[in-house]
Amino acid sequence: MALIAVASVKGAPGASTIALSLTATWPRRALLAELDPDGGDLRYRLRGEDGAPLDAGLGLVSYAAGVIDGADVFDHVQAVPGGLQVLLGVSSTTETEAVNGRWASIGALLDTVPDTDVIADCGRLHPYTPIEDLLPYASALLVATRPTVDAVGHLRSRLRTLRVELPVFVAVVTGVADRRSQREVQIVLDESGPDGVSATVLGRIAYDPVGAGTLAGEWSGKLSSSPLMRSSRELGHQLIREIDGLQQAAG
């Protein structure tokens, strides 16, 4: 199906909550892969479906050890409340070193998971991040930004230095009543000059601290109707339409 990389830049909100909320509201079968080279925190935020702690030994590190032999990612994922399946990321420098050098192989495999879209939490898109070895296998990169001068400036600067080419979409994290920021961020990106960036502001993610906090705890009907989840559901449908269109155009 598709591998969708989710990232943020300096001064922007973290990619983890956005990747989690997108996966939870994704209209097709989806898997959340925690691929932040700087370390993930899902093992601390979430528990298994039975309420027990997640298995720290099962996740990206165990998966990376078998990528040369074409490991099945579902042998390394765990289920959390809400029925979501997650591939836990690294939690230490030692674990990061065990994965480094295999990012491209991981990307190639995750791009071909049968009947499943993979939403990849790639953390902050800082210069020379090893995650750039994985990006060529992604169908799209979704970058989150706040609608502030410094945040959009960091976004524009970082996209200029990307060493790979792939469709880039932007999600603006803003208040529910904000109807202007998406257009204004797009204008700034479009006016970047000859060395500018090519990115499409696709939609917004609601700034919803209460919803984000609840997302790490017990999932309920109240959470599903929160501004965070409603906006994530809408953005997910938009992203799927874009990705499906790109894949159809590529034949």
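Of note:
- Residue tally, condition touching a strand residue (DSSP E or B) at 6+ places or on another chain (Cβ under 8 Å) and under 23 Å from residue 246 (Cα atoms), over region 126-147: 11
- Looking across 62, 92, one residue alone is without any contact (Cβ under 8 Å) to a residue 24 or more places away in the chain, of a type outside the set (Val, Ile, Thr), closer than 29 Å to residue 127 by Cα and surrounded by fewer than 19 Cβ atoms within 10 Å (Cβ to Cβ). It is 62.
- Residue check for residue 62: outside any strand (DSSP E or B), hydroxyl-bearing (Ser, Thr, Tyr) and in contact with a helix residue (DSSP H, G or I) (Cβ under 7 Å, 6 or more places away or on another chain): no
- Some residue of region 95-118 being at pLDDT below 90, over 23 Å from residue 22 (Cβ atoms), part of a helix (DSSP H, G or I) and β-branched (Val, Ile, Thr): no
- Residues that are farther than 20 Å from residue 223 by Cα, surrounded by 22 or more Cβ atoms within 10 Å (Cβ to Cβ) and in contact with a Gly (Cβ under 7 Å, 6 or more places away or on another chain) within region 1-54 comprise 3, 7, 8, 34, 35, 36, 40, listed in sequence order.
- Output for region 72-85, where each listed residue is within 17 Å of the chain's Cα centre (by Cα) and in contact (Cβ under 8 Å) with a residue 60 or more places away in the chain: 84
- Index of the failed condition, residue 67 passing every other in (1) farther than 19 Å from residue 143 by Cα; (2) under 17 Å from the mean Cα position of the chain (by Cα): (2)
- Taking region 5-35 as the range and being at pLDDT 90 or above, out of contact with any Ser or Thr (no Cβ under 7 Å at 6 or more places or on another chain) and part of a loop (DSSP other than H, G, I, E, B) as the test, the residues that pass are 26, 27, 28, 35.
- Condition check for residue 140: under 16 Å from the mean Cα position of the chain (by Cα) and surrounded by 23 or more Cβ atoms within 10 Å (Cβ to Cβ): no
The values are calculated or read from the model by the stated rules, or taken from the named source; none is laboratory data. Because the structure is predicted, anything quoted here is derived from the model rather than measured. Reconstructed Cβ throughout: ideal geometry from the backbone, glycine too, with neighbour counts over all protein chains shown.
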